1. How long are the semi-axes of the ellipsoid equivalent to the stretch 181-237, from square roots of 5 times the Cα gyration tensor eigenvalues, in whole Å, largest first?
2. If you look at just the Cα atoms of the stretch 1-136, how large are its Rg and its Dmax in Å?
3. Could you check what % of the DSSP bridge pairs in the chain are antiparallel, to the nearest 5?
4. Once you've got the GNM for the chain with C-alpha springs shorter than 10 Å, pick whichever of Ile197, Ile76, Ile146 has the biggest mean-square fluctuation.
5. Check cross-link reach from Lys158 to the lysines: straight Cα distance under 20 Å, and skip same-chain residues fewer than eight apart.
6. Given 10 Å bins starting at zero, what is the percent of C-alpha pairs of the chain in each, up to the one with the largest pair distance?
7. Exactly which GluC sites (Glu not before Pro) in the stretch 62-163 are in a DSSP loop and have at most 10 other Cβ atoms within 10 Å?
8. Which one of Asn56, Gly199, Asn18 is farthest out on the positive end of the charge dipole of the chain, using unit charges on Cβ (Lys, Arg +1; Asp, Glu -1) and the Cα centre as origin?
Amino acid sequence: MRFKKSTQELQKENFIQNLSYDCVIFGFNGKQLKILILEYHNTGFFALPGGFINRNESLDDAVKKGVKNRTGLDDIYLEQFQTFGSLTRSDPDAMKRIFKENDMDREIPDWLLDRFISISYYALINYDKVTPTPDELSDSIDWYSIDELPVLMMDHRKIVAKALQVLQDNLEKKLVGMNLLPSKFTMKQLQMVYEVILGEELRRTTFQRRILGMNILDRHEKLFQGKAHKAPYLYSFK
C-alpha cells in the first residue's frame with residue numbers, strides 16, 4: 001500500500017510561488033559517469049530530484065532537505081549553476097497524473113499546475129559509496145550512464161546537458177574537493193577520469209604537461225608493479 005500524502009502541506013501560502021529547484025547528481029567511480037534519476041510511481045515519468053521552496057527556509061536549506069527526502073542521500077555538496085525559465089517549462093497533465101497515481105487525498109492545488117522557474121544545482125559523488133533510496137512518490141531511483149539516460153520530463157534533459165558542461169568546465173575544482181580517486185594516484189588514473197567525464201580521448205604527453213602546469217598536484221614515490229624503469233610516479237592533490 002502506497003503512502004497517502006496529504007495536500008494540506010502543499011497549500012499556496014506555504015511556498016514561494018512559481019519557483020522550484022532541480023538537482024543533477026553526477027556519480028563517478030573512476031571508470032563510469034552516471035546520473036541519479038527517479039521514476040514516479042506508475043507513470044513511466046523519469047525526472048531529476050527536485051522540489052519547491054518553503055517560505056520559512058532558505059533556498060540552500062530547501063535543496064539540501066529536498067535531496068535527502070527524495071534520494072536518501074545526505075551531506076552532499078551541491079553547487080548552484082543556472083536558472084531555467086523557458087515559457088514552455090511546465091507540464092500540468094504530468095503533474096495531475098503524478099497526483100492521481102500517488103493517491104493524493106485532495107484536488108491538486110492550482111499553483112502546482114502553473115509555470116515554474118527552476119534554480120538548478122549539481123553535485124559530483126562516488127556512486128559506489130552511497131545507496132540512494134526512493135521517496136514515497138517514486139517506484140525507483142537509480143544511476144543511469146550518461147549516454148543511456150531515459151527520456152526525462154519537461155526540460156530536465158536540457159538541465160543535464162548544461163550541468164555536464166559546467167562540470168567539464170570546472171573539472172579541476174571538482175576533483176580537488178572530491179574523493180573520487182585514491183589518496184595517491186597515477187597520471188594514467190587521473191587521465192582516465194578526465195577522458196570519461198569529457199567524453200574524449202586525450203593525448204598523454206599533452207595532458208600531463210597541462211596538468212603539471214596547473215600546479216595542483218604533489219608528486220610522490222614511484223608505483224613499482226612491473227619493470228622498474230616503467231614505474232609511474234604517484235600524485236596527490238594539493
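Rule-based calculations on the coordinates, nothing more; no lab input. The model shown is predicted, which means the values in this text are computed figures rather than measured ones. In this analysis, Cβ positions are derived from the backbone assuming ideal geometry, glycine residues included, and neighbour counts consider all displayed protein chains.
1. Details: eigenvalues 73, 36, 26 Å².
Working through the eigenvalues yields semi-axes of 19, 13, 11 Å.
2. Both quantities, over Cα of the stretch 1-136: 15.2, 46 Å.
3. On the way: 27 of 37 bridges.
If we restrict to bridges inside the chain, about 75 percent are antiparallel.
4. Ile76
5. Lys34
6. With 10 Å bins starting at 0, P(r) equals 7, 28, 31, 17, 10, 5, 1, 0.
7. Working: sites: Glu79, Glu101, Glu107, Glu136, Glu148; in loops: Glu107, Glu136, Glu148.
Here the sparse-neighbourhood loop sites are Glu107, Glu148.
8. Gly199
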